[in-house]
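Worksheet: one structure, shown below.
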Amino acid sequence: MKAVLCGYYGMGNGGDEALLATLLQMLPPTVEPLVLSGNPEETSQRYGVTALARKHPGSIMAALRQADVLIWGGGSLLQDTTSLQNPLYYTGLMILAQWLGLKTIAWGQGIGPLRHRLSRALGCYALNRCQAVSVRDSRSLAWLTRWGVTALQAADPVWALTPALAPDLADLPNPRVAVALRPHPWLTRPRLEQLTQALASFQDLTQAAILLVPFQPSQDLAIAEQIQTYLTGPSQICSLADPRQLKGLFQGVRMTIGMRFHALIMAAATGGRSFALSYDPKVLALLEDVKLPGFDLDPHNAQGVHRWPTSVEALTQAWWQVYSQGSPLAAVEIQTQLERARLHQQMLYNLLA
């Protein structure tokens, strides 16, 4: 069976690459994947698969005509907060595959927010015509319920990604704290200054080495470099293209402070303490699902339980409390999330094996 895999692959985002690596890990061995990628050569070399340019209409049409199934694989792909381009591209591809007679699967999806009527209409049309749909949180399932779509809810697939040995961190002494930030309109200059000062203070308090991890270097590296200039203790910036190594990296840290959704999952899955800085409903959903501590960057959250602290000291103390007294997820909880993530694999086997 030939399967075309589409997602935000080959675009230099560690979270989306982790979803692709997990999807490839979960496919039945009888399925031959072809990946639509922003960097086909890199994707092919990294994963040992055939890859095509994700926005080359002629190649995509030829691939679909030879395929049996299209798998729309993972992440916050059906949302229009950044632009209308995402839902137009992905639902258009799904609908085209359906018109050509392919089976279509929406796998490990995060649905919403959807503010435009066109996004909602296309999403409802495409997903109602899928042979199988799985989502990673209850908010996504709520969208599908409103649309009358039957779907499986399971944990994010990256919980089940098998980690690989990461580069040696011997030059960065223990204990280590990983930091994974990203630019966002809510991470204003004053808040970034507050975060930077709090990290410097936190490092003085803990004597921990700071490992700055840009999940999408084209976006995150500048923030990491800016923060590093203010740290007086040991620190290192670590950019890893292989998502399996990226997950393995978190096995070597005591605690993670993260905005990046999959940084928090990787840290929790590998037994580390985690503290979330939420910029998106998917991060808040993760906080609620596995009871992670964290703060919400949303300036409209003035009364909520995760409301942002007003001082450097409050931020530092919140991190210190997790660092000194907090506990990683219990082994039984990690196993529960792993088993829930594997439900996405069972769905694939039920339809494709």
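Among residues belonging to the range 179-216 that are under 25 Å from the mean Cα position of the chain (by Cα) and hydroxyl-bearing (Ser, Thr, Tyr), point out the one that is farthest from Asp16 (Cα to Cα).
Within the range 179-216, the match that is farthest from Asp16 (Cα to Cα) is Thr196.
Can you go through Gly75, Gly110, Gly148 and tell me which one is at pLDDT below 95, at positive phi and not assigned by TED's automatic domain parsing to the domain that holds Lys282? I'd like the intermediate steps shown before the answer.
Values: Gly110 fails: at positive phi; Gly148 fails: at pLDDT below 95.
Answer to the check: Gly75.
Please state which one of Ala241, Ala200, Ala209 is under 23 Å from Trp308 (Cα atoms) and small (Gly, Ala, Ser). Walk me through how you get there before you give the answer.
On the way: Ala241 fails: under 23 Å from Trp308 (Cα atoms); Ala209 fails: under 23 Å from Trp308 (Cα atoms).
Only one candidate qualifies: Ala200.
Would a scan of the range 211-220 turn up a residue that is touching a helix residue (DSSP H, G or I) at 6+ places or on another chain (Cβ under 6 Å), closer than 21 Å to Tyr8 by Cβ and outside any helix (DSSP H, G or I)? It would help to see each step written out before you state the result.
Narrowing the range 211-220 to residues touching a helix residue (DSSP H, G or I) at 6+ places or on another chain (Cβ under 6 Å): 212, 214-215.
Filter once more, so that each one left must be closer than 21 Å to Tyr8 by Cβ: 214-215.
After this cut, where a residue has to be outside any helix (DSSP H, G or I) as well, the list is 214-215.
Looking for residues that are touching a helix residue (DSSP H, G or I) at 6+ places or on another chain (Cβ under 6 Å), closer than 21 Å to Tyr8 by Cβ and outside any helix (DSSP H, G or I), one finds at least one in the range 211-220, hence yes.
Return the residues of the range 165-193 that are surrounded by fewer than 18 Cβ atoms within 10 Å (Cβ to Cβ), in contact (Cβ under 8 Å) with a residue 60 or more places away in the chain and over 30 Å from Leu78 (Cβ atoms); say none if nothing qualifies.
Across the range 165-193, the qualifying residues are Leu165, Pro167, Leu169, Asp171, Leu172, Pro173, Asn174, Pro175.
In the range 282-326, how many are basic (Lys, Arg) and not in a loop (DSSP other than H, G, I, E, B)?
First, pick out the residues of the range 282-326 that are basic (Lys, Arg): 282, 291, 307.
Remaining after also requiring not in a loop (DSSP other than H, G, I, E, B): 282, 307.
Of the residues in that region, 2 qualify.
Within the range 131-140, take every residue that is at pLDDT 95 or above and surrounded by fewer than 22 Cβ atoms within 10 Å (Cβ to Cβ) and give me the one that is nearest to the chain's Cα centre (by Cα).
In this case the residue turns out to be Ala132.
Within the range 230-255, restricting attention to residues that are surrounded by 22 or more Cβ atoms within 10 Å (Cβ to Cβ) and either outside the structural domain of Ala200 (by TED's automatic domain parsing) or under 15 Å from the mean Cα position of the chain (by Cα) (or both), which residue is farthest from Ser201 (Cα to Cα)?
Our first condition is that a residue be surrounded by 22 or more Cβ atoms within 10 Å (Cβ to Cβ); within the range 230-255, this holds for 235, 243, 246-247, 249-250, 253, 255.
Of the ones still in play, those that are also either outside the structural domain of Ala200 (by TED's automatic domain parsing) or under 15 Å from the mean Cα position of the chain (by Cα) (or both) are 243, 246-247, 250.
Values: Pro243: 31, Leu246: 27, Lys247: 27, Phe250: 22 Å.
Going through the qualifying residues, I end up with Pro243.
Checking Gly233 against (1) part of a loop (DSSP other than H, G, I, E, B); (2) in contact with a strand residue (DSSP E or B) (Cβ under 8 Å, 6 or more places away or on another chain); (3) closer than 22 Å to Trp159 by Cβ: exactly one of these is not met. Which one?
Looking at each condition in turn, Gly233 falls short on (3).
Quick check: anything in the range 203-214 of a type in the set (Val, Ile, Thr) and in contact (Cβ under 8 Å) with a residue 40 or more places away in the chain?
Filtering the range 203-214 for residues of a type in the set (Val, Ile, Thr) gives 206, 210, 213.
This time we only want the ones that are in contact (Cβ under 8 Å) with a residue 40 or more places away in the chain, so: 206, 213.
Yes, there is a match, as at least one residue in the range 203-214 is of a type in the set (Val, Ile, Thr) and in contact (Cβ under 8 Å) with a residue 40 or more places away in the chain.
What number of residues in the range 11-68 are out of contact with any strand residue (DSSP E or B) (no Cβ under 6 Å at 6 or more places or on another chain), of a type in the set (Val, Ile, Thr) and not in a helix (DSSP H, G or I)?
1
Mind checking which residues of the range 299-339 are closer than 17 Å to Leu264 by Cβ and under 22 Å from the mean Cα position of the chain (by Cα)?
His306, Pro328, Leu329, Ala330, Glu333, Ile334, Thr336, Gln337, Leu338
The values are calculated or read from the model by the stated rules, or taken from the named source; none is laboratory data. Since we're looking at a predicted model, the values are computed, not measured. Every residue, glycine as well, gets a Cβ built from its backbone with ideal geometry; the counts of neighbours run over all protein chains shown.
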